[in-house]
Structure formats: structure tokens, C-alpha cells
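To start, the structure under review is shown below, and the notes come after it.
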Amino acid sequence: MSDDQSIETGEADVSDDVLERIADRTDADEDAIADALVVLHSALIGRHAEFEREYDYVTVDGTRAYRVPESVWDDLRGGLEFDDEVADAVELAHTEQARLAFADAVDVDERFGDDDRGVVVGIDTAEEF
């Protein structure tokens, strides 16, 4: 967990700054977003191998960020029971955090495209599976 993450968002590998920006841009409650990020984190465990095989990723500051198509988020949303506002906010938070990671990565030639989505998960969790 980095210094810019609270305990709630640290488990989900989304910074407090990103969480606050997303809460400001959406109608979702910040606490509801944070809770949903933790629930989604649990759902992501075990999918690292799939993501690594199929999608581009970078690792920055202990977080692995995947660049994924919208269809991945359609699948993730289908397995979770969040209201639409919270689900939208969670997707935006993951995508913004992933975009930041790709922008910070030194050895990445391709940056995020406008249609790309993101998923972020801590490297410790990724390496365990």
C-alpha cells in the first residue's frame, strides 16, 4: 500500500486521490465506491494469469495495471451486485488508476487509448497466483 492510500483503498490498489476525483465526478458515494473496490478486488484474485496472457500490463509501485477492452468490464459487472452508479464509478476508478500507471511506466511504448479500460491489482496478489 502506497503512502497516498487509506486502508480502504489500499487493499483495492486505487489511490485516495483517484477515489476522491471519481466521487466528485459521479453521483456515487465515496464510501460506497471504496467498499465496492474492495469487493471487486476479491473477485479479481485468481484472474491474473488470464489478464497477463490476454492483455497489456505494466507494474508501477507495486501495482499491476492491465489495459483491457470494455468487454472485460461487462463481464466483471455481471458477477457483482452494485447499483449502476457505483459500478460506473468503480470502473472509472480502475481505469483512471491504470491510465496513471501506464503513463508512469518507463518501458511502455503504447499508452491508453480512449476506448481502453483498466484493471488494477497489487503485485503481491498477482504474484501469489
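The values are calculated or read from the model by the stated rules, or taken from the named source; none is laboratory data. These figures come from a predicted structure and were not determined experimentally. Heads up, the Cβs are rebuilt from the backbone with ideal geometry, glycines too, and the neighbour counts pull from every protein chain shown.
Key figures
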| item | result |
| --- | --- |
| Residue within the stretch 49-68 that is part of a loop (DSSP other than H, G, I, E, B), free of Cβ contacts under 8 Å to residues at least 12 places away in the same chain and over 13 Å from the mean Cα position of the chain (by Cα) present | no |
| Residues of the stretch 81-116 satisfying the condition of being outside any helix (DSSP H, G or I) and either within 15 Å of the chain's Cα centre (by Cα) or of a type in the set (Val, Ile, Thr) (or both) | Val106, Val108, Phe112, Asp116 |
| Pairs with Cβ under 6 Å, 6+ apart, first in the stretch 78-92 and under 14 Å from Glu30 (Cα atoms), second part of a loop (DSSP other than H, G, I, E, B) and not hydroxyl-bearing (Ser, Thr, Tyr) | Glu85/Asp27; Glu85/Ala28; Val86/Ala28; Ala89/Ala28 |
| All positions within the stretch 62-78 that are within 16 Å of Gly122 (Cα to Cα) and surrounded by 14 or more Cβ atoms within 10 Å (Cβ to Cβ) | Thr63, Arg64, Ala65, Tyr66, Arg67 |
| Qualifying residues in the stretch 1-38 (those that are in contact with a Gly (Cβ under 9 Å, 6 or more places away or on another chain) and of a type in the set (A, V, I, L, M, F, W, C)) - the one modelled with the highest pLDDT | Ala12 |
